[in-house]
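Everything on this sheet refers to the single structure shown next.
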Amino acid sequence: GIGTFGTMVLVAADVTLRMFGGGVPGTLYIVGYYLMIMVAFLPLARVEGSDGMISVDVFFAGVAPGGQRAIGLFVALLSTLIYAAVAYASWFEAAHKFGTGAYIQTIEYNLPIWPAYFFVPVSFGLAALVSLLRAIQIVGGAPAPGQRRALPAAVRDELGEEDIAAGGTGGGER
């Protein structure tokens, strides 16, 4: 999103201006210390929320729907704990960098880098919230992540969301 677009615009502007003897001062540092961190970490919550994380569907498909929900709940709670732990630990590093006013010296100016350290705890904190919401939804009866995907296509087409969440076998009127 924003980090990728920002990198593209900044690098294109730098290359274009270099053809005329100029350039954007500190492009390498801005891309390396800000934009790449954004690209790497900010989408974490969105990927978690869209069920885009790596999964092993071949094993998941062989488990009964109730077991799939139990596995989904366990994974959501474990993910919440891990994301929250990383957010918590990285917050202290970010706060330390903020407190010291961390910066890097470029040829042209001093570039503050402490704001970039907050991308990590914010990203992992948001991912923890998304995982926690998923766990709450599963407890409330929603299908586990991947539960619909793990079913064979013919079964997915025949069953509705309510049947899948309930572990039913379909057969309802359409």
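If Met36 meets every condition in (1) within 15 Å of Ile113 (Cβ to Cβ); (2) open to solvent by less than 80 Å² (accessible area, probe 1.4 Å) apart from one, which number is that one?
Failing condition for Met36: (2).
For the range 50-76, name all the residues that are closer than 18 Å to Ala142 by Cβ, surrounded by fewer than 17 Cβ atoms within 10 Å (Cβ to Cβ) and under 18 Å from the mean Cα position of the chain (by Cα).
Ser50, Asp51, Gly52, Met53, Ser55 - these are the residues of the range 50-76 that are closer than 18 Å to Ala142 by Cβ, surrounded by fewer than 17 Cβ atoms within 10 Å (Cβ to Cβ) and under 18 Å from the mean Cα position of the chain (by Cα).
Quick check, is Phe20 open to solvent by 30 Å² or more (accessible area, probe 1.4 Å) and either among the charged types (D, E, K, R) or not in a helix (DSSP H, G or I) (or both)?
Against the criterion (open to solvent by 30 Å² or more (accessible area, probe 1.4 Å) and either among the charged types (D, E, K, R) or not in a helix (DSSP H, G or I) (or both)), Phe20 qualifies.
I'm checking my understanding of the structure. Among residues of the range 77-102 that are touching a residue at least 24 places away in the same chain (Cβ under 8 Å) and not hydrophobic (A, V, I, L, M, F, W, C), which one is most open to solvent (accessible area, probe 1.4 Å)?
Applying the filter and picking the extreme gives Tyr88.
Could you please let me know if Val122 is of a type in the set (A, V, I, L, M) and either over 30 Å from Gly26 (Cβ atoms) or touching a Phe, Trp or Tyr at 6+ places or on another chain (Cβ under 7 Å) (or both)?
no
Can you tell me which residue is farthest from Leu126 (Cα to Cα) among those in the range 23-45 that are in contact with a strand residue (DSSP E or B) (Cβ under 8 Å, 6 or more places away or on another chain) and part of a helix (DSSP H, G or I)?
Tyr29
If Gly125 passes every condition in (1) open to solvent by 60 Å² or more (accessible area, probe 1.4 Å); (2) assigned to a helix (DSSP H, G or I) but one, which one does it miss?
(1)
If you check Tyr34, Tyr88, which single one turns out to be modelled with pLDDT of 90 or more and in contact with a Pro (Cβ under 8 Å, 6 or more places away or on another chain)?
None of the other options fit; the residue is Tyr88.
Answer with yes or no whether Thr7 is out of contact with any Gly (no Cβ under 8 Å at 6 or more places or on another chain), among the polar types (S, T, N, Q) and open to solvent by less than 50 Å² (accessible area, probe 1.4 Å).
Yes; evaluated as a whole, the condition is true for this residue.
Residues Ile138, Ile164: which one is in a helix (DSSP H, G or I), open to solvent by less than 50 Å² (accessible area, probe 1.4 Å) and modelled with pLDDT under 60?
Sole residue among the options that is in a helix (DSSP H, G or I), open to solvent by less than 50 Å² (accessible area, probe 1.4 Å) and modelled with pLDDT under 60: Ile164.
The values are calculated or read from the model by the stated rules, or taken from the named source; none is laboratory data. Source: prediction; values computed, not measured. Here Cβ is always computed from backbone atoms with ideal geometry, including for glycine, and neighbour counts include all displayed protein chains. Note: areas computed on protein heavy atoms with side chains; ligands, DNA, RNA excluded. Shrake-Rupley method; radii C 1.70, N 1.55, O 1.52, S 1.80 Å.
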